[in-house]
1. Quick one: would you say VAL246 is modelled with pLDDT of 95 or more and touching a Cys at 6+ places or on another chain (Cβ under 7 Å)?
2. With (1) open to solvent by less than 30 Å² (accessible area, probe 1.4 Å); (2) farther than 14 Å from THR108 by Cα; (3) in contact with a Lys or Arg (Cβ under 7 Å, 6 or more places away or on another chain) as the list, and VAL268 as the residue in question, which single condition is left unmet?
3. State all residues of segment 230-265 that are among the polar types (S, T, N, Q) and either outside any helix (DSSP H, G or I) or surrounded by fewer than 18 Cβ atoms within 10 Å (Cβ to Cβ) (or both); if no residue qualifies, say none.
4. Taking into account only those residues within segment 205-219 that are buried (at least 19 other Cβ atoms within 10 Å of the Cβ), within 19 Å of VAL268 (Cβ to Cβ) and without any contact (Cβ under 8 Å) to a residue 60 or more places away in the chain, which is farthest from the chain's Cα centre (by Cα)?
5. Name the one entry in MET111, MET148 that is in the same structural domain as ARG182 (by the TED database) and either open to solvent by 30 Å² or more (accessible area, probe 1.4 Å) or among the aromatic types (Phe, Trp, Tyr) (or both).
6. Looking at ARG181, ARG152, ARG168, which is the one that is under 26 Å from MET302 (Cβ atoms) and in contact (Cβ under 8 Å) with a residue 24 or more places away in the chain?
7. Does ARG227 satisfy the criteria of being among the charged types (D, E, K, R), in the same structural domain as ILE155 (by the TED database), under 16 Å from LEU287 (Cβ atoms) and open to solvent by 40 Å² or more (accessible area, probe 1.4 Å)?
8. Starting from segment 257-285, take each residue that is in contact (Cβ under 8 Å) with a residue 60 or more places away in the chain and not assigned by the TED database to the domain that holds HIS84 and list its partners that are in a strand (DSSP E or B) and surrounded by fewer than 20 Cβ atoms within 10 Å (Cβ to Cβ), counting only C-beta distances under 9 angstrom and pairs at least six apart or across chains.
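The values are calculated or read from the model by the stated rules, or taken from the named source; none is laboratory data. On a predicted model such as this, the values are computed, not experimentally measured, just so you know. All Cβ positions, glycine included, derive from the backbone under ideal geometry; neighbour counts span all protein chains shown. With ligands, DNA and RNA removed, areas are computed over all heavy atoms of the protein, side chains included. Shrake-Rupley method; radii C 1.70, N 1.55, O 1.52, S 1.80 Å.
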Amino acid sequence: MARERLSVVVTRRLPEVVETRLSELFDVTLRTEDTPLTRAQLAEIMARADVLIPTVTDTIDARLLAQAGERLKLIANYGAGVDHIDVATARQRGILVSNTPGVLTDDTADMAMALIMAVVRRIPEGLGIMQKGDWQGWAPTALLGGRMTGRRLGILGMGSIGQAVARRAAAFGMQVHYHNRRRLRSETEAELQATYWESLDQMVARMDVISINCPSTPSTFHLMNARRLKLMKPNAVIVNTSRGEVIDEMALTRMLRAGEIAGAGLDVYEHGTNINPRLRELPNVVLLPHMGSATVEGRIEMGEKVLLNIKTFEDGHRPPDQVVPSML
């Protein structure tokens, strides 16, 4: 007798090739609209599904998990970050959580470097002049930015993405420095040509560029707070492609407006789409709509990991990318 297929519910539109494969393997409910579900809608599908495939736009907290049906046994997150999921409560309720690590490393590192170059070389300002038709021709003192070569880059978080940023920065002739919970092995430091700082304060005070590449955890919330932002040099810039909560956005906005920090490049924001409107007014700030992982290849590979996690679970084994509280 054929085994009953798992009931799988997806909360957002996914690449067509991923949705097609999900339909082939499982009893899947797909979305026709690419908008976030309401909490009531999330509660409804969690009450009837065996497997939930959420994204970063879905907050799966203890209250929602309390409404989950007995059938729900796996939350196969479409994304590497799981700070939007209460992993500890899920585990207590016998629900496994998996994610999609590793596939977005190069894409996110590319975006970090793009933001660094955009801010340091004032690319959006130049683009704006051209789009408005205001260019009057070349001038010796127009839109003077900074040289990448020799600039000190301080990487906050030296995991796989931080290391990928380090390799790219070294190719541009930047001097790589980093702060991390654990120091890298000496051979890795040598390969990356990276200098370790045990004190984040001391590193921040000496860098020309700060790149945020750490995950969002209780210990990294507002890690770059007002006090630490004030340690930055007035001609330094900061970029963030990890999670918005790592930076105190209000303090950053005040300092940028006061000229206490030279510029910022942000792909993520502390309050999601509710971005401080004063940030939009600043010519030395580059704002992107969470595009760090937005490549066709990356999104398909994320889907492939989701498929593997669900299929492995269906076969009675632990998902290869299972997340447990001790990992956070």
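1. So VAL246 fits the description; yes.
2. Unmet for VAL268, out of (1) open to solvent by less than 30 Å² (accessible area, probe 1.4 Å); (2) farther than 14 Å from THR108 by Cα; (3) in contact with a Lys or Arg (Cβ under 7 Å, 6 or more places away or on another chain): (2).
3. Matches in segment 230-265: ASN235, ASN240, THR241, SER242.
4. Residue satisfying both the conditions and the ranking: ILE210.
5. Answer to the selection: MET111.
6. Unique residue meeting the criteria: ARG168.
7. no
8. Sorted first by the residue in segment 257-285, then by its partner, the pairs are ALA264/LEU287; GLY265/LEU287; LEU266/LEU287; ASP267/LEU287.
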